[in-house]
Amino acid sequence: MRTIQLGTSPLQVPVVAVGCMRINSLTPAEAERFLQTSLEQGANFFDHADVYGGGKCEEIFAEAIHMNDDIREKIIIQSKCGIRQGMFDFSKEHILNAVDGSLKRLKTDYLDILLLHRPDALVEPEEVAEAFDALERSGKVRYFGVSNQKPMQIELLKKFVKQPIVTNQLQLSITNATMISNGINVNMENESAVDRDGSILDYCRLHDITIQPWSPFQYGFFEGVFLGNEKFPELNQTIDEIAARYGVSNTTIAIAWLLRHPAKMQPVIGTMNTTRLVDSCKAADIYLTREEWYAIYRAAGNILP
Ligand SMILES: NC(=O)c1ccc[n+]([C@@H]2O[C@H](COP(=O)([O-])OP(=O)(O)OC[C@H]3O[C@@H](n4cnc5c(N)ncnc54)[C@H](OP(=O)(O)O)[C@@H]3O)[C@@H](O)[C@H]2O)c1
């Protein structure tokens with residue numbers, strides 16, 4: 001699969017990342033087959049979090065991939081920490097404990113990348129810096145990133161954290177594209193002009209932070225899948241027409257739309273269906289025209305001034 005550089009790190013990563021949040025919906029045999037298919041596709045980048053399935057997802061993954069030293073060096077593992085029941089927690093103590101828990105469940109000595117999962121209102125960036133230093137020194141984590149963070153939150157971290165922030169995982173799909181539409185509707189008196197995220201898209205491009213779009217097939221906040229959904233007739237008609245043109249499925253086009261953006265994003269897919277996994281990976285080889293990209297943007301109800 002085509003690769004990109006992850007932020008300013010030396011890591012070359014496949015353009016499609018495999019999200020493991022839903023892997024606990026599979027039987028052990030299904031999980032094994034799913035991960036085998038991923039590897040066959042060159043999709044060797046796996047996204048985790050300590051909270052997925054209450055920790056079960058990391059365990060199921062390690063079992064299903066038959067984790068050992070040989071496998072470990074062929075894959076890239078990213079996990080996240082900072083979400084706790086009823087709160088967010090970026091304290092040094094919590095970050096260090098969370099990583100130890102993930103390493104144990106994943107049966108590995110190190111994470112390639114650790115992300116802070118969701119902004120903690122009580123963050124003490126000095127503590128985050130101490131935690132990152134300790135994790136880097138001990139070799140438990142190689143690279144660091146964030147998720148769901150605005151530019152100023154990243155700037156605050158950067159005042160103390162010396163490791164580069166290599167990625168920012170953000171909710172982004174064709175039907176959830178405010179970070180794109182507000183850049184198109186600058187200064188207009190319409191809803192799309194509202195800048196909800198402090199121009200995070202431009203900020204990440206300026207600072208070489210790879211955006212990892214999460215929930216690339218969902219609309220709303222886990223409300224459902226827009227593909228084949230009668231709530232989005234125009235969007236599906238447009239996607240289907242373009243899919244037919246390229247001889248691929250609608251799944252491929254949904255991911256190709258994200259990959260066409262020059263920010264060089266790495267979508268994190270959440271499907272546990274091997275056909276949809278393979279179709280998502282095919283997007284790495286599709287380059288939509290400008291006309292096709294904007295047609296899909298508009299068909300989803302996103303507006304141009
Ligand atoms: N950083 C964060 O805050 C955050 C938040 C959420 C998720 N994530 C990460 O992002 C990954 C992806 O998130 P996600 O799972 O919500 O994203 P997603 O890929 O948009 O959604 C996957 C879900 O949609 C279903 N689906 C996809 N295409 C379909 C179709 N054409 N027809 C019917 N069902 C379809 C899948 O079912 P099938 O399995 O049957 O295909 C699966 O249940 C997660 O695994 C996780 O790693 C991060």
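The values are calculated or read from the model by the stated rules, or taken from the named source; none is laboratory data. Treat the numbers as computed from the prediction; the structure is a model and nothing was measured. Please note: Cβ atoms are built from the backbone with ideal geometry, for glycine as well, and neighbour counts cover all protein chains shown. The protein model used for the area step is the full one, side chains on, heavy atoms only, and it has no ligands, DNA or RNA in it. Shrake-Rupley method; radii C 1.70, N 1.55, O 1.52, S 1.80 Å.
Results, tabulated for the structure shown:
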{"read-out": "Furthest towards positive pole of dipole, ASN148, ILE209, ILE23, structure part the chain, Cβ charges", "value": "ILE209"}
{"read-out": "Descending Cα extents along the principal axes, segment 1-138, whole Å", "value": "42, 32, 24"}
{"read-out": "For segment 192-208, 3J(HN,Hα) per residue [Karplus equation, 6.51 cos²θ - 1.76 cosθ + 1.60, θ = phi - 60°, Hz, x = Gly/Pro]", "value": "5, 6, 5, 8, 7, 10, x, 6, 4, 4, 5, 4, 5, 5, 4, 9, 6"}
{"read-out": "Per DSSP, loop trypsin sites (Lys or Arg not before Pro) in segment 135-214 with at most 16 further Cβ within 10 Å", "value": "LYS159, LYS162, ARG196"}
{"read-out": "Rounded Å value of the spacing that divides the Cα centres of segment 129-164 and segment 1-53", "value": "22"}
{"read-out": "Leading residue at positive end of dipole, the chain (Cβ point charges), from ALA64, THR275, THR167", "value": "THR275"}
{"read-out": "In nm, spacing of pseudo-spin labels at GLN85 and ILE303 (7 Å Cα→C-beta vector)", "value": "4.5"}
{"read-out": "Relative contact order for the chain, counting Cα pairs under 8 Å that sit 6 or more residues apart, in percent", "value": "18"}
{"read-out": "Contour excess over end-to-end distance, with Cα ends at ASN97 and HIS207 and 0.36 nm allotted per residue", "value": "36.6 nm"}
{"read-out": "Rg to Rh quotient for segment 3-299, alpha carbon positions, Kirkwood Rh", "value": "0.96"}
{"read-out": "Overall form of segment 223-303 per C-alpha gyration tensor (a/c, 1.5; a/b vs b/c)", "value": "rounded"}
{"read-out": "Rounded to the nearest 20 debye, dipole of the chain from Cβ charges on Lys, Arg, Asp, Glu", "value": "300"}
{"read-out": "Accessible surface, per residue, of segment 3-299 when the full set of protein chains is kept, probe 1.4 Å, Å²", "value": "45"}
{"read-out": "Positive-pole candidate from VAL128, GLN12, SER192, dipole of the chain, charges at beta carbon", "value": "GLN12"}
{"read-out": "With every protein chain in place, segment 213-294: carbon and sulfur % of accessible area (1.4 Å)", "value": "51"}
{"read-out": "Extension reserve of the MET1-GLU32 stretch, reckoned as 0.36 nm per residue once the Cα distance is removed", "value": "9.1 nm"}
{"read-out": "Theoretical gain in end-to-end length, TYR294 to ASN273 [0.36 nm per residue, Cα-Cα removed]", "value": "4.7 nm"}
